[in-house]
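Step one of this worksheet: look at the structure below.
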Amino acid sequence: MHVAKIKAGREKSALHRHPWLFSGALMPLAGTPASGETVKVLDSNGRFLGWAAWSGESQIRLRFWSFDERETIDRDFFHRRLSRAIQLRAGMHAASDAMRLVHGESDGLPGLIVDRYGDVLVLQLLSAGPEAWRDVLCDELEALTGVRAIYERSDADVRELEGLPQRSGLLRGDMPTDTDIVEHGLRYRVNVAAGQKTGFYLDQRANRQRIGELARGADVLNCFCYTGGFSLAALRGGAKSVLSVDSSGDALEAARINLSLNDLPGDRAEWVEADVFQYLRLLRDKGRSYDVIVLDPPKFAPTAQHVERASRAYKDINLWAMKLLRPGGYLATFTCSGGMSADLFQKVVASSAWDAKADMQSIGRFTADVDHPVSVNFPEGDYLKGLLLRKV
Ligand code: SAH
């Protein structure tokens, strides 16, 4: 067993049970652990701090599995952690049959994402620790959930930082190409193999519902619509018209299918394949205006290094959306960038309002839905932030 010692004065985050240790906080090790190997972590005086997975290539060199010295990191450990995560979500099934079952660090399983779509599980391994335990995780998930299939979507960019290859494919069972899910009574067809992320943006579930409640009688503009989540919610909520924009033709194709799966007034929906940055300006040139606008762009700032450029992008779309908003109208604006704090996002939005000469009030905040918990020891887990604004 390899032992890693933390430099004197650098143990504070581990004592506070933050799950990450950066390479700069460690003293040189005797030997080199294998990728994903469990390492015993001690403070500079040799006192036990925790058990952690080794990521030799990553700046985040260790991720803690446990802070309990009596615990052994083995099959039983993963069984306990996985069943705890599933148990904690036991009461949440009413809203949907699709749900995030494991949310990485915040469920005590750093680097592991598990999403359930009906009787299919999608597994995403984002760091060396869960990568090393892949088979065990599959066995235990299969036994705990009794699903028909497990599909791997370890094709996220962050794996490159771990020196891990992109990988996706069927791991267990057999599976149809598409899986239908029902969320708050709306049916969506999810393609877990080819869709973005693990197939669907489960984190926006409650926020889609909220937009539905605001949409009665409204002209709605849904930017970055993907497979139409906010659009369908708005139509069901009684929107007068819904214009949805995305740059992905595949996503729009899926959105049209989703619309057809539900008993909704399809003639009120219009789908446009375009770049939102340009299209907002075009709408302004045409003199169009809206009662409800949703801005749910992709991650502009995956890490803190991208924040400045990302801020300009967020400022731009929010500015144009505010110009297109009618007085009394609502703007639901999101960032899912880990590198963007809620505080900075608020400031960026305020500068958009200033430049748009729009008087905006914040009347609510959005977060990821309840199946995406955020451990209080891990503020980095709070990636999805949104503001509900009203134009005065
Ligand atoms: N709101 C959606 C999720 C949005 S994900 C839901 O609830 O399901 C972000 C979307 O933005 C993706 O579908 C992606 O194709 C799209 N996208 C990325 N860059 C874009 C751009 N510049 N213009 C338009 N769409 C873009």
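Using the Kirkwood radius over Cα pairs, work out the Stokes-Einstein diffusion coefficient for the chain at 25 °C and 0.890 mPa s, in µm²/s as a whole number.
Values: Rh = 22.3 Å.
Estimated via Stokes-Einstein, D reaches 110 µm²/s.
Leaving out ligands and nucleic acids, note down the accessible area per residue over the chain with a 1.4 angstrom probe, in whole Å².
I get 44 Å² per residue for this part.
For Phe22 and His2, what is the calculated FRET efficiency with R₀ set at 22 Å and r taken between the beta-carbons, to the nearest 0.05?
Numbers: r = 18 Å, r/R0 = 0.80.
So the FRET efficiency works out to roughly 0.80.
Defining a contact as two alpha carbons under 8 Å apart and six or more residues distant in sequence, what relative contact order in percent does the chain show?
It comes to 11 percent, rounded to a whole number.
Accessible area of region 146-259 with a 1.4 Å probe: how many percent of it is carbon plus sulfur?
48 percent
Probe radius 1.4 Å, ligands and nucleic acids ignored: give me the carbon and sulfur share of the accessible area of region 314-373 as a rounded percent. The partial results should precede the final answer.
Numbers: 1370 of 2490 Å².
The C+S portion of the solvent-accessible surface of region 314-373 is 55 percent.
If you roll a 1.4 angstrom probe over the protein chains with everything in place, what fraction of the accessible area of region 39-138 belongs to carbon and sulfur, to the nearest %?
Of the solvent-accessible surface of region 39-138, carbon and sulfur hold 45 percent.
Would you work out the relative contact order for region 121-170, in percent, from Cα pairs under 8 angstrom that are 6 or more residues apart?
On the way: 57 pairs, mean separation 21.4, N = 50.
Rounded, it is 43 percent for region 121-170.
Going from most exposed to least, what order do Lys12, Lys197 have by accessible area with a 1.4 Å probe?
Most to least solvent-accessible, the answer reads Lys12, Lys197.
What does the helix-only formula give at 222 nm for the chain: each DSSP H stretch with n ≥ 4 adding -39500 (n - 2.57), the total divided by the residues, and the result rounded to the nearest 500 deg cm²/dmol?
Roughly -8500 deg cm²/dmol at 222 nm, from the helical runs in the chain.
Could you tell me the center-to-center distance, by alpha carbons, between region 98-158 and region 231-260 in angstrom?
Answer, in whole Å: 29.
Can you give the Rg to Rh ratio for region 321-378, taking only C-alpha atoms and Rh from Kirkwood?
1.03
Considering only Leu15, Leu144, Leu26, whose Cα is most displaced toward the positive end of the charge dipole of the chain, charges sitting on Cβ of Lys, Arg (+1) and Asp, Glu (-1)?
Going by the charge dipole, the pick is Leu15.
Short version: ³J(HN,Hα) in whole Hz for each residue of region 52-57, in order, from phi by Karplus 6.51 cos²θ - 1.76 cosθ + 1.60 (θ = phi - 60°), x for Gly and Pro, what are they?
9, 8, 8, 10, x, 8
Here is the link list: Lys286/Lys391; Lys197/Lys357; Lys299/Lys391. Which ones come out longer than 28 Å on Cα distance?
Correct reply: Lys197/Lys357.
The values are calculated or read from the model by the stated rules, or taken from the named source; none is laboratory data. Treat the numbers as computed from the prediction; the structure is a model and nothing was measured. Backbone-built Cβ (ideal geometry, glycine too); neighbour counts: all protein chains shown. The protein model used for the area step is the full one, side chains on, heavy atoms only, and it has no ligands, DNA or RNA in it. Shrake-Rupley method; radii C 1.70, N 1.55, O 1.52, S 1.80 Å.
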